[in-house]
Amino acid sequence: MIYIENANVVLKNGILKNGAVLINDGVIEKLGENRYVKSPENALKIDAKGLYLGPGFVDIHVHGGGGYNFFDNPQKAAKYFLKHGETTVLATSYTTYTKDEYLSATEKIKVAMMTDAKNIAGFYMEGPYLNPKYGAEPKLNKWRGKIRKDDYCEIVNTAGTLAKVWAVAPEREGIDGFMEYVKLVNPNAIFAVAHSEATPDEIEKLKKYGINIQTHCMNATGRVGESKGIRSAGPDEYCLLNDDIYAEMICDSMAVHVPVPLQRLILKVKGIDKIILITDSFATGNEISDKYAYAQDLSFDSEGNVSGSRLTMDIVCRNFMKHTKSSICSAFLAASTNPARAIGMDKEIGSVKEGKRANLVLCDENFNIKEVIFEGELIN
Ligand SMILES: [Zn+2]
């Protein structure tokens, strides 16, 4: 049993000052002001001293970090992110994997999830069917040409219901059949438009399968048919226009992935409830190119192109607050509450509420993490 008192508890629509939380059996049993929620004698007592207590981060789009990718070493990657408050992650794949690599990695992660990487809640399959024109490592992308059932059946079957999100480029030939098959295997799977230059019409045709997310909005996307200053519409515009689509956002410190005015534009149009902060973190050994020497939290592919980040969600939240002038409540909404809802886990996680899993982050106003609680256990 853990009892935390004197916290600024981050709720969905504000801060509960002088708040206390009683955690029992991995669950938030009681929540309220200090004077109403008393500590049982046998509880471990923590004085939060005015720190913020918010819901553990839900990073749905993270490839790896701390030297390890989820698809190579899920245990170590999961542990690294947990220390940074990421109490839920979706292990995220990429297009550089062969079919066999997809299969063996998926099995490996499944085993890790049952043993010592319990903060992995499933997979975010970024690929195989993206548009190679808009990806890092374009030369290493093995998934080109017409989409064939022989290629994807085993991958979809093996990932099963743990594949919560499939990222797709709607313009790929044969994508329709692939999406139909994914839904057959896992009716709860959702799709994200990713690494794409699809027109709004192309995206609209696939809406029946459930396109609910745009993968890193305003990053790695294009628009066809532009000429002489005449702008056309692509995935970014489709996402901005459609209220039921969440916009993933990468907020690196120097706003390289998404410039600050575009971050503000996305927030202004979508509203805070439809923003999902992601790290899109990779563990690559590739060197930082001179051009980006000032931006230490980026990651690069073997050709020197920006390819995701080295971020963790605590830093993402700090950057988001700085770039968009948002409150700490908004940052927790975008980093925890919204992603939990998007992947259908909001009944269990994503907010500080009685009855929910005790996945919590204790931090100061700049998201310096002081303690992480995962399923009722102290982590740091
Ligand atoms: Zn991506």
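Please work out whether region 238-379 counts as rounded, prolate or oblate from its C-alpha gyration tensor, where a ≥ b ≥ c are the square roots of the eigenvalues and a/c under 1.5 means rounded, while otherwise a/b larger than b/c means prolate and anything else oblate? Oblate shape, in that a/c is at least 1.5 and b/c is the bigger or equal ratio.
Using a simple spin-label model with pseudo-atoms 7 Å out from Cα toward Cβ, LYS205 and ASP72 lie 3.9 nm apart. The antiparallel fraction among DSSP beta bridges confined to the chain stands at about 45%.
The modelled label-to-label distance between LYS49 and SER327, using points 7 Å beyond Cα along the C-beta direction, is 2.6 nm. Structural descriptor for the chain: relative contact order 20 percent, calculated from alpha carbon pairs under 8 angstrom and at least 6 residues apart.
Taking a ≥ b ≥ c as the square roots of the eigenvalues of the alpha carbon gyration tensor, region 37-174 is prolate, as a/c is not under 1.5 and a/b beats b/c. Ranked for footprinting exposure by Cβ neighbours inside 10 Å, fewest first, GLU41, GLU137 give GLU41, GLU137.
Applying both filters, DSSP loop and at most 16 other Cβ atoms within 10 Å, to the chymotrypsin sites (Phe, Trp or Tyr not before Pro) of region 26-69 gives TYR36. Could you tell me which of rounded, prolate or oblate describes region 116-215, using a ≥ b ≥ c as the square roots of the eigenvalues of the alpha-carbon gyration tensor, with rounded for a/c under 1.5 and, failing that, prolate when a/b is larger than b/c and oblate otherwise? Cα axes put region 116-215 in the rounded bin. Panel values: the chain, Kirkwood radius from alpha carbon pairs, Stokes-Einstein at 20 °C and 1.002 mPa s, translational diffusion coefficient 102 µm²/s.
The residues MET113, MET254, when put in order of fewest to most other Cβ atoms within 10 Å, stand as MET254, MET113. Each residue of region 21-26 was assigned a 3J(HN,Hα) from its phi angle through the Karplus curve 6.51 cos²θ - 1.76 cosθ + 1.60 (θ = phi - 60°); the sequence is 9, 10, 10, 9, 6, x Hz, with glycine and proline shown as x. Ranked by how many other Cβ atoms sit within 10 Å of their own Cβ, fewest first, the residues ILE278, ILE120, ILE230, ILE2 fall in the order ILE230, ILE2, ILE120, ILE278. If R0 is 41 Å, the Cβ-Cβ spacing of ARG223 and ASN24 corresponds to a FRET efficiency of close to 0.20.
Summarising the label geometry, the points placed 7 Å from Cα in the beta-carbon direction at ASN42 and LYS353 lie 3.0 nm from one another. Sparse packing (at most 13 other Cβ atoms within 10 Å of the Cβ) combined with a DSSP loop state is found for the following trypsin sites (Lys or Arg not before Pro) in region 219-286: LYS228, ARG231.
Distance from the Cα centroid of region 291-367 to that of region 109-179 is 23 Å (rounded to whole angstrom). With 30 Å as the limit, the listed pairs LYS208/LYS228; LYS118/LYS270; LYS142/LYS208; LYS108/LYS322; LYS17/LYS322; LYS146/LYS268 have LYS208/LYS228; LYS118/LYS270; LYS108/LYS322; LYS146/LYS268 beyond it between alpha carbons. Residues whose amide H falls under 5 Å from that of LEU298, counting only those 5 or more places apart or on a different chain, are ARG310, with hydrogens built in the peptide plane.
Each part gets one Cα centre, and for region 227-289 versus region 80-105 those centres are 21 Å apart. Each Lys or Arg adds one and each Asp or Glu subtracts one; over the other residues with Cβ under 15 Å from the Cβ of LYS356, this totals 0.
Going 7 Å from the Cα of ARG35 along its beta-carbon direction, which residues of region 1-23 have the amide nitrogen within less than 15 Å of the resulting point? What the label zone holds, given the 15 Å backbone N cut-off, is 6, 17-20. Applying both filters, DSSP loop and at most 14 other Cβ atoms within 10 Å, to the GluC sites (Glu not before Pro) of region 277-380 gives GLU287, GLU303, GLU348, GLU354, GLU365. Rounded to the nearest 500, the helix-only mean residue ellipticity at 222 nm of the chain stands at -7000 deg cm²/dmol, with each DSSP H run of n ≥ 4 adding -39,500 (n - 2.57).
The C-alpha atoms of the chain define a longest principal axis, and helix 313-324 lies at about 80 degrees to it.
A Förster radius of 45 Å combined with the Cβ-Cβ distance from LEU378 to LYS268 puts the calculated FRET efficiency at roughly 0.70.
Just so you know, all these numbers are worked out from the coordinates, no wet-lab data involved. Here the structure is a predicted model, which means the values were calculated and not measured. Every residue, glycine among them, receives a Cβ derived from its backbone with ideal geometry; neighbour counts consider all protein chains shown.
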